[in-house]
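The values are calculated or read from the model by the stated rules, or taken from the named source; none is laboratory data. Every value quoted in this text rests on a predicted model; they were computed, and no experiment measured them. For neighbour counting, all protein chains shown are included, and Cβ atoms are generated from backbone atoms with ideal geometry for every residue, glycine included. All accessible areas refer to the heavy atoms of the entire protein, side chains included, with ligands and DNA or RNA removed. Shrake-Rupley method; radii C 1.70, N 1.55, O 1.52, S 1.80 Å.
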Amino acid sequence: MQDLCLPLKPQALRLLEPPLSLCGPTLTIRKFALRPFTPADLVAMGSLDQDTMDALGERVRSRANIVVSGGTGSGKTTLLNVLSSFIPPAERLITIEDVAELRLSQPHVVSLEARPPNVEGVGEITVRALVRNALRMRPDRIIVGEVRGGEALDMLQAMNTGHEGSMSTAHANSPRDLLSRLETMALMSDVDLPVSHVREQIASALDLVVHTGRLADGRRVVTAVASVDGLRGGAIQTRDLFSWHRRQAGTTAPLIADPEGGRSMAVSVRSSLASGQAGSAGLAQARWPGSLRRLGGVLE
């Protein structure tokens, strides 16, 4: 089993050979766009609307800690790459990935890539080791391509120790499931911590979870945006700021859920996400029922 990258073309290759592959040698090619997607491209493709994109851009510029979640092939890395375009060019960025896929446009970017063990089983450099090393490289932000294991704990600690505005991706079925997965991955580290302390780290570190999904027709869309509002009764509290629903055949509509009444409102997503900027991420202090009543009415 080998992971390969072509030096002159934006492609990643994964090769599986017998006996791992029972049907013979298997080559998987992951091809990236020659030109990185821009925020305008995602809006034009219908992945999200302009108000949502503007609101997320404001949160990136205000140094909110963001995790993009979703299933395999749902566009997590693409969205992370687009969100990174809102980072001011004067900041020093360090990217950490298993296989280099991010292509940031800022002038001061240090890209780190994990290394698998050689044929003798030695020489492995893990993502977790790179995250620890990045903390000593004076980064303004750390961007981890994807967290899959114990590096989740190091990423949370980086977010809690002066590296605001850091971002990452992770596999999950919903924003709430992402928090549970982060707990599990943090417990996979070699640090013996009680679950309560891990939850405190997550509640303190994360500001925003952006969830992506792949529709039956192949389109990738942002299906939910949730804020992390701390701990209450030992459980991490979240609020849905944005949720995507199919309204009619062939049409879509961005909706925001009323957390008290369980209703859905047709409102301005940017106004909701951008309100309450006195908080660290500009989200925790927003009063949602009131803002919903001011911005829109109940859908029939």
- Query: Counting only residues that are outside any loop (DSSP other than H, G, I, E, B) and either surrounded by 24 or more Cβ atoms within 10 Å (Cβ to Cβ) or free of Cβ contacts under 8 Å to residues at least 24 places away in the same chain (or both), how many does segment 209-218 have?
  - Reply: 4
- Message: Restricting to segment 66-80, and then to whatever is open to solvent by 10 Å² or more (accessible area, probe 1.4 Å) and in a loop (DSSP other than H, G, I, E, B), can you tell me which residue is nearest to V43 (Cα to Cα)?
- Response: G75
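I need a count of the residues in segment 131-147 that are assigned to a helix (DSSP H, G or I) and open to solvent by 20 Å² or more (accessible area, probe 1.4 Å). Spell out the reasoning first.
Let us first name the residues in segment 131-147 that are assigned to a helix (DSSP H, G or I), namely 131-134.
With open to solvent by 20 Å² or more (accessible area, probe 1.4 Å) added as a condition, the list becomes 132-133.
Number satisfying all stated conditions: 2.
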- Return only the number of the condition from (1) modelled with pLDDT of 90 or more; (2) part of a loop (DSSP other than H, G, I, E, B) that P36 does not satisfy. (1)
- Can you name the residue in segment 39-52 that is part of a loop (DSSP other than H, G, I, E, B) and in contact with a helix residue (DSSP H, G or I) (Cβ under 7 Å, 6 or more places away or on another chain) and, of all such residues, is farthest from N133 (Cα to Cα)? D49
- Out of S196, S204, S189, which single residue is under 28 Å from G57 (Cα atoms) and open to solvent by 10 Å² or more (accessible area, probe 1.4 Å)? S204
- Note on the structure: Those residues of segment 180-192 that are assigned to a loop (DSSP other than H, G, I, E, B) and hydrophobic (A, V, I, L, M, F, W, C) come to a total of 2
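Any idea which residue in segment 101-130 is modelled with the highest pLDDT, counting only those that are outside any loop (DSSP other than H, G, I, E, B), open to solvent by 80 Å² or more (accessible area, probe 1.4 Å) and under 29 Å from P39 (Cβ atoms)?
By that ranking, first place goes to S111.
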- Give me the pairs: first residue in segment 13-25 and among the basic types (K, R), second residue part of a loop (DSSP other than H, G, I, E, B), beta-carbon distance under 8 Å, and six or more apart or on different chains, which are they? R14/M1
- Message: Going residue by residue through segment 193-208, is there one that turns out to be in contact (Cβ under 8 Å) with a residue 12 or more places away in the chain, assigned to a strand (DSSP E or B), touching a helix residue (DSSP H, G or I) at 6+ places or on another chain (Cβ under 9 Å) and closer than 20 Å to A55 by Cα?
- Response: yes
- Query: What number goes with the only condition from (1) under 17 Å from the mean Cα position of the chain (by Cα); (2) of a type in the set (G, A, S); (3) more than 27 Å from T28 (Cβ to Cβ) that G75 does not pass?
  - Reply: (3)
- State whether the residues of segment 81-98 include one that is polar (S, T, N, Q), part of a helix (DSSP H, G or I), open to solvent by less than 30 Å² (accessible area, probe 1.4 Å) and free of Cβ contacts under 8 Å to residues at least 60 places away in the same chain. yes
- Kindly establish whether A55 is open to solvent by less than 30 Å² (accessible area, probe 1.4 Å), in contact with a strand residue (DSSP E or B) (Cβ under 7 Å, 6 or more places away or on another chain), among the small types (G, A, S) and assigned to a helix (DSSP H, G or I). no
- Residue list for segment 148-171, filter: in contact with a Lys or Arg (Cβ under 9 Å, 6 or more places away or on another chain), open to solvent by less than 40 Å² (accessible area, probe 1.4 Å) and in contact (Cβ under 8 Å) with a residue 60 or more places away in the chain: G165, S166, M167, T169, A170
- Note on the structure: Checked against (1) modelled with pLDDT under 90; (2) open to solvent by 50 Å² or more (accessible area, probe 1.4 Å); (3) farther than 26 Å from P88 by Cα, S180 satisfies every condition except (1)
